[in-house]
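See structure below.
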Amino acid sequence: MRRLILIACLFAANTWAGAQREEGLSASVQASLQRAVADVAAPRLVFDNEIEAQRWIGDMSTRLQKRMPDADMRRLFLTSVHYEATRAGLDPQLVLGLIQVESGFRKYAISSSGARGFMQVMPFWVRSIGTDEHNLFQMRTNLRYGCTILRHYLDIERGNLFRALGRYNGSLGRAEYPNLVLAAWKNHWYYTTQTADASSVSKPRS
């Protein structure tokens, strides 16, 4: 474990997050975020039917195979992404795009500012809304924190995804990072269900 973390540090320059600013939280917001990251339910795919669930995970698994060769690990990772994103009210494909930009799907990635894991979560969040037992290099914990934080920023920005992504990266007001995430979402993780209605399309909104 320690060796893996040290190796990950060598790749810190390739990560994006780390400039998130620690801000004071109201008691109600802090309590809400604490409840969100305390979830221990087993992750699951949240679809209307099993056929569509298996189609989604098969499609996403094929796209992720080169970056994550182990099939069982891919399935667990994608199931966890889908569960954590959905419970936070986020599009799972958006979250995959963010992870691609943030860490390149490297579990032990560390930025120069200390952001950690798949979604490059800053350690101050554990102090603020978590417990000492929360390990940001643990896959499920990292995804839960990352999705909870992005949801928090979306709420602050009243649904403005571009500005929320800027907050997530600590680059609010600059276009480069949000554009990278939105491009990854559109170009690599675009997905449609079998049905033809508009709600079945998972892609960035213009």
So how far apart, in nm, are the two label points at Leu76 and Ser61 if each is 7 Å from Cα heading toward Cβ?
1.4 nm
In order over the stretch 155-164: 3J(HN,Hα) from phi, Karplus 6.51/-1.76/1.60, θ = phi - 60°, whole Hz, x for each Gly or Pro, gives 5, 4, 8, 6, x, 7, 5, 4, 6, 5
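Relative contact order of the stretch 2-202, please, whole-number percent, based on alpha carbon pairs below 8 angstrom and at least 6 residues apart. Write down the numbers at each step before the final one.
Values: 279 pairs, mean separation 55.1, N = 201.
Taking the mean separation of contacting Cα pairs over the length of the stretch 2-202, I get 27 percent.
Return the inverse of the average 1/r over all pairs of distinct C-alpha atoms in the stretch 2-202, which is the Kirkwood hydrodynamic radius, in Å to one decimal. Intermediate results must be reported in sequence, preceding the final value.
Working: mean 1/r = 0.0583 Å⁻¹.
One over the average 1/r among Cα pairs gives 17.2 Å for the stretch 2-202.
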Enumerate the calculated ³J(HN,Hα) couplings along the stretch 174-181 in order (Karplus 6.51 cos²θ - 1.76 cosθ + 1.60, θ = phi - 60°), each rounded to whole Hz, writing x wherever the residue is Gly or Pro.
10, 8, 4, 5, x, 5, 5, 5
Sort 112-119, 35-42, 56-63 for me by packing, meaning the mean count of neighbouring Cβ atoms within 10 Å per residue, highest on top.
112-119, 56-63, 35-42
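Using per-residue counts of other Cβ atoms within 10 Å, averaged over each peptide, order 81-93, 21-33, 179-191, 126-138 from highest down. Each step should come with its number before you reach the end.
Working: 81-93: 20.7, 21-33: 11.5, 179-191: 17.5, 126-138: 15.7.
Answer by packing, highest mean first, reads 81-93, 179-191, 126-138, 21-33.
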In whole Hz, with x marking every Gly and Pro, tabulate ³J(HN,Hα) for the stretch 72-77 from phi via Karplus 6.51 cos²θ - 1.76 cosθ + 1.60, θ = phi - 60°.
5, 5, 4, 5, 5, 4
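We did not get these values from a lab; they are worked out from the coordinates using the rules stated. As the structure is a prediction and not an experimental result, all values here were calculated from the model. Every residue, glycine among them, receives a Cβ derived from its backbone with ideal geometry; neighbour counts consider all protein chains shown.
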